[in-house]
1. May I ask for the percentage of alpha-carbon pairs in the range 100-258 that lie more than 29 Å from each other?
2. How large a share of the accessible area of the chain, in percent, is made up of carbon and sulfur atoms when the probe is 1.4 Å and the other protein chains stay in place?
3. I want to check the label-to-label distance for Lys133 and Glu39. Put each point 7 Å from Cα in the C-beta direction and report it in nm to one decimal.
4. Taking the simple approach of a point 7 Å from Cα along Cα-to-Cβ for both Leu307 and Asn173, what is their distance in nm?
5. In a GNM of the chain with a 10 Å cut-off on Cα contacts, which of Val18, Val189, Val265 has the highest mean-square fluctuation?
6. Going from the alpha-carbon gyration tensor of the chain, what semi-axes, largest first and in whole Å, does one get by taking the root of 5 times each eigenvalue?
7. Fully extended, how many nm does the chain gain between Lys95 and Leu182 (0.36 nm per residue separation, minus their Cα-Cα distance)?
8. Calculate, for Val56 and Arg226, the FRET efficiency according to 1/(1 + (r/R0)^6) with r their C-beta to C-beta distance and R0 45 Å; round to the nearest 0.05.
Amino acid sequence: MSFDVLQDKIRAMKNPTVAGLDARIEYVPEHLRQNAYAEYGPGFQGACEAIWQFNVGLIDALHDIVPAVKPQAAYYENLGWRGMELLERTIRYAKSKGLFVIADIKRGDIGSTAAAYAEGWLSGAKIEGRVFKSFDADCVTLNGYMGSDSINPFLKAARQEDKCVFVLVKTSNPGSGELQDLVAGDRQVYQVMGDLTQRLTGGTEGKYGYSIAGAVTGATYPSDIRALRKRLEHTFFLVPGYGAQGGTADDVKCAFDKYGHGAIVNSSRGIMCAWQKTGSDGTNFAAAARNAAIAMRDDIKQFVTIL
């Protein structure tokens with residue numbers, strides 16, 4: 001199963017982290033922006049070229065340090081069709097460098113619409129009897145709060161392609177408790193969602209014991225992660241909220257099982273924008289990102305031992 005692939009990469013690198021590729025144009029150093037604008041102008045095409053050069057530099061600097069990258073679709077969608085083409089190229093390039101790609105799309109529709117999303121992001125579109133793949137991510141994030149109808153089409157595609165999904169369970173944002181912490185019977189809503197996610201994928205566990213549907217569990221709520229880890233023993237966790245949102249390595253340690261398996265921790269701005277903290281003009285952005293990724297890895301190593 002696909003989480004076996006991810007866990008193998010994590011073990012090989014002794015690094016349970018994923019670098020976000022949330023490439024807003026203002027994150028891109030000035031020299032890349034101006035070079036792109038000089039050729040393509042300061043519009044969509046110039047911005048996409050600048051971000052492409054930024055992404056390539058980041059991927060080249062990180063691919064032997066981190067096992068995975070997580071592009072957030074919103075930062076590409078807001079650049080129109082050129083941005084989506086940029087995202088497709090970015091995913092393809094990351095995979096060519098051996099990186100596991102988690103497409104952060106947070107889709108949450110149902111029926112044939114969900115199936116179409118799953119085809120676009122995971123299994124490919126059928127055209128005249130042939131299958132053509134566009135984004136072809138290894139994994140996607142989903143909003144399952146419309147119930148199993150919004151998850152099952154993606155699970156079907158994931159099973160076909162030996163891929164996987166992460167379902168929002170307990171998210172890192174401050175307002176998550178407005179809904180997710182409410183009591184529903186004898187459980188809180190986020191526990192209901194976690195239980196549903198695990199129940200839908202029973203029997204798909206791979207060699208590490210994790211099913212094809214993981215859970216998004218925010219680092220900003222460590223006590224909830226600890227409870228979910230005990231509750232969802234077959235569920236792989238994606239842990240956002242480390243760094244810029246306030247989560248620490250001590251907070252995320254409870255996401256892992258006794259072998260240091262079963263979780264991956266995300267950092268986006270902390271790695272992408274590390275150059276902004278060096279006092280430089282950004283020409284060192286790749287080296288700064290690499291150093292930040294190493295520092296994050298070593299920080300988590302103090303609390304998590306990967307066997």
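The values are calculated or read from the model by the stated rules, or taken from the named source; none is laboratory data. All figures in this text were calculated on a predicted structure; none of them were measured in a lab. Cβ placement follows ideal geometry from the backbone for every residue including glycine, while neighbour counts extend to all protein chains displayed. We work out accessible area using only protein heavy atoms, side chains counted, and drop any ligands, DNA or RNA first. Shrake-Rupley method; radii C 1.70, N 1.55, O 1.52, S 1.80 Å.
1. For the range 100-258, the fraction of Cα-Cα distances above 29 Å is 17 percent.
2. Within the chain, the accessible surface is 50 percent carbon and sulfur.
3. Label-label distance for Lys133 and Glu39, simple model: 2.8 nm.
4. It works out to 3.8 nm between the two label points.
5. Maximum among the listed residues: Val189.
6. They are 30, 24, 18 Å, listed largest first.
7. Details: separation 87, 0.36 × 87 = 31.32 nm, distance 3.96 nm.
Full extension from Lys95 to Leu182 adds 27.4 nm.
8. Between Val56 and Arg226 the formula returns 0.70.
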